[in-house]
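The values are calculated or read from the model by the stated rules, or taken from the named source; none is laboratory data. All values reported here derive from a predicted model rather than from experimental measurement. In this analysis, Cβ positions are derived from the backbone assuming ideal geometry, glycine residues included, and neighbour counts consider all displayed protein chains.
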Amino acid sequence: MRAVSLPALRAMMAQDTAEVFIPCLTIAHPDLDAPILLAYNTEPVVRTAGTFLPYPFQINLPPQSDEETATVQLTVDNTDLAVNEKLRTLQGRPEVTLEVVLASSPNVVEAGPFPMQLQGIVADAGSIQGTLGQEDDIFSQQVPGVLYLPTNSPGLFL
């Protein structure tokens, strides 16, 4: 069970509310001078971590299924090219952290932080799309982790 603040709980349980839940996205990489701070909002969100700029983005969560590997898709608007220009110069995978806050208390994280890595970035004139995942993809690792061969385990091959 997730713990949320009392104002968030009241907003979730109310039939009508003036509270606004704001998803905040932080994109960090050692090559960036400062992290890219985005908020799915119409105005900047000032938090302790910095000022999150209003920027449209969408996160598509996967359906729950035992049959396939879940992937999270991120789509960021590419209309003014500001984020695209910063991401284009990076070598390696940027770290992406998603947090959800209330507009009335932006320093209280109601959901998250959810740290992930941005993988497989594709951009066109309208959007930047990528898959969010973990650094160590468990499904692409070799099992067993060590191969037992005569060269590294001669005692097994007598």
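Tabulated data
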{"read-out": "Failed item in (1) over 20 Å from R47 (Cβ atoms); (2) at pLDDT 85 or above; (3) in a loop (DSSP other than H, G, I, E, B); (4) not acidic (D, E), with T75 passing the rest", "value": "(3)"}
{"read-out": "Evaluation of P63 against (1) surrounded by fewer than 17 Cβ atoms within 10 Å (Cβ to Cβ); (2) under 23 Å from A125 (Cα atoms) (one fails), failing number", "value": "(2)"}
{"read-out": "Residue that is of a type in the set (D, E), farther than 28 Å from T17 by Cα and either at pLDDT below 80 or in contact with a Ser or Thr (Cβ under 7 Å, 6 or more places away or on another chain) (or both), where the choices are E110, E85, E135", "value": "E135"}
{"read-out": "Qualifying residue in region 54-62 (condition: among the aromatic types (F, W, Y) and part of a strand (DSSP E or B))", "value": "yes"}
{"read-out": "Residue that is nearest to V72 (Cα to Cα), among those in region 1-34 that are touching a residue at least 12 places away in the same chain (Cβ under 8 Å) and of a type in the set (S, T, N, Q)", "value": "T26"}
{"read-out": "Members of region 20-33 that are crowded, with 17+ Cβ neighbours inside 10 Å and not in a strand (DSSP E or B)", "value": "H29"}
{"read-out": "Single unsatisfied condition, L6 versus (1) exposed (fewer than 13 other Cβ atoms within 10 Å of the Cβ); (2) in contact with a His (Cβ under 6 Å, 6 or more places away or on another chain)", "value": "(2)"}
